[in-house]
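Accompanying notes for the structure given below.
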Amino acid sequence: MPKSLRKDITTAKELLDNADTILVITGAGMSVDSGIPTYRGRSGLWEKGIQIGDKSYGYDDISSLDMWKSNPKLAWGFKSHFYNLSNERTPHEGYYNLLENVNKKEDYFICTSNVDGYFRKVGFDTSRLYEVHGTIDYLQCMDINCNKVNGIVATTPDIVPDYDDETFISKTLPSCKYCKKMLRPNISVFGDFEFYGKPYEHQRRRLDEWLTNIKKNNQTLVILEIGCGINPHSLRMSDGKMMSGEWKMPVFDNNIGTIRLNPTDEQSDEKTIHVSMGAKNGIRSLFS
Ligand SMILES: [Zn+2]
């Protein structure tokens, strides 16, 4: 292990020791060690895009509201692929290691853009979880007004369409039992002003209350950011603030610092210790 990395880990461990509470913020990089690729970024599977016919698509194109509207079979095929992959794979040991160690703190909260549902699978307290981008475990109607009346539905394997392995084109499209329009995952994608976020509002309220109590109780807070890339839809932190204004995060009071676990995407700022490691090994090093 390089000397500089050892030093970063030591500094990060001291920060963790000095914190009463921990806010864990995770992105796609968190599940890479489970065998789920990030699809984008330097280590992304789709760095060069996917070629279908004479067209090349990037991840941001496929996972966008535009695609759900203009080419729903491709959008569904890709999500079916992701759904199957998430169910075939399992949360890596870093998840369990993290759970054991956050439980030793006075308090913790998880704020994640991961839609694979692994935090729930592993047994994190769901009242301390904010799934910012939604989850593949639920579907919504393409008609947001239908959702407002009928809510969301659980994703079951029989609803998820089969797709062509080479083209990612789905063979069927699932439809809403209320209005017959298409069902899509209850996941926020790029440019998604039609994401139905109500099911997650109570999670967000709990996060806000949790942060308010930290200030009220005069506790110290450390933020552990794991696998968040640099893009407008990411939960990445910079100088103690979330870079994207999309999620309207409040000021993190009593924050004594941020620790970033990420093997790439280094970005220097005063309040962040960048530990250049992936999730599984990084978590093990921080808490051993
Ligand atoms: Zn509907």
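We did not get these values from a lab; they are worked out from the coordinates using the rules stated. All figures in this text were calculated on a predicted structure; none of them were measured in a lab. Neighbour counts are summed over all protein chains in view; Cβ atoms, including those assigned to glycine, are modelled from backbone coordinates with ideal geometry.
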Taking the alpha-carbon centre of each part, the distance from segment 245-288 to segment 1-36 in Å is 6
Proximal charge balance of D253 [Cβ under 10 Å; K/R count +1, D/E count -1]
+2
Consider all pairwise Cα distances in segment 56-178 and report the whole-number % of them above 17 Å.
64
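Kirkwood hydrodynamic radius of segment 107-191 from all distinct Cα pairs, in Å? Before the final figure, lay out the partial values.
On the way: mean 1/r = 0.0693 Å⁻¹.
Final number for the Kirkwood radius of segment 107-191 is 14.4 Å.
Taking 25 Å as the cut-off for C-alpha to C-alpha distance, list the pairs among K3/K121; K216/K271; K105/K280; K171/K280; K3/K280; K13/K280 that go past it. Intermediate values should be presented prior to the final figure.
Values: K3/K121 36 Å; K216/K271 23 Å; K105/K280 20 Å; K171/K280 36 Å; K3/K280 20 Å; K13/K280 16 Å.
Over 25 Å Cα-Cα: K3/K121; K171/K280.
If you filter segment 204-288 for trypsin sites (Lys or Arg not before Pro), then keep DSSP loop positions with at most 12 other Cβ within 10 Å, what is left? Walk me through the numbers on the way to the answer.
Details: sites: R204, R205, R206, K215, K216, R236, K241, K248, R260, K271, K280, R284; in loops: R236, K248, K271.
For trypsin sites (Lys or Arg not before Pro) across segment 204-288 that sit outside H, G, I, E and B with at most 12 neighbouring Cβ atoms in 10 Å, the list reads K248.
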Choice from C111, C179, C228 with maximal GNM fluctuation in the chain (Cα, 10 Å cutoff)
C179
For the table K148/K215; K79/K148; K215/K248, the rows whose alpha-carbon distance is greater than 25 Å are K148/K215
For segment 232-288, using Cα atoms only, the Rg and Dmax in Å read 12.2, 35
By the scheme Lys and Arg +1, Asp and Glu -1, what is the net charge of all other residues having a beta-carbon under 11 Å from that of D269?
+1
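With only alpha-carbon pairs counted, each pair once and no self-pairs, how large is the Kirkwood hydrodynamic radius of segment 107-254 in angstroms? All intermediate terms of the calculation are to be shown ahead of the outcome.
Values: mean 1/r = 0.0581 Å⁻¹.
For segment 107-254, inverting the mean 1/r across all distinct Cα pairs yields 17.2 Å.
Just the C-alpha atoms of the chain: what Rg/Rh do they give, with Rh taken as the Kirkwood radius? Walk me through the numbers before you get to the answer.
Working: Rg = 19.3 Å, Rh = 19.8 Å.
When Rh is taken as the Kirkwood radius, the ratio is 0.98.
Lys and Arg at +1, Asp and Glu at -1: add these up for the other residues within a Cβ distance under 14 Å of L207 and post the number. Mind showing how you got there, number by number?
On the way: positive: R128, R204, R205, R206, K215, K248; negative: D107, D125, E131, E201, D208, E209, D253.
Surrounding charge for L207 is -1.
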On the Cα set of segment 190-257, report Rg and Dmax in Å, please.
13.4, 39
In terms of the charge dipole of segment 70-198, which places +1 on Lys and Arg and -1 on Asp and Glu at the beta carbon, the residue among V160, V149, V115 farthest towards the positive end is V149
The rounded separation in angstrom of the Cα centers of segment 114-130 and segment 198-212 is 14
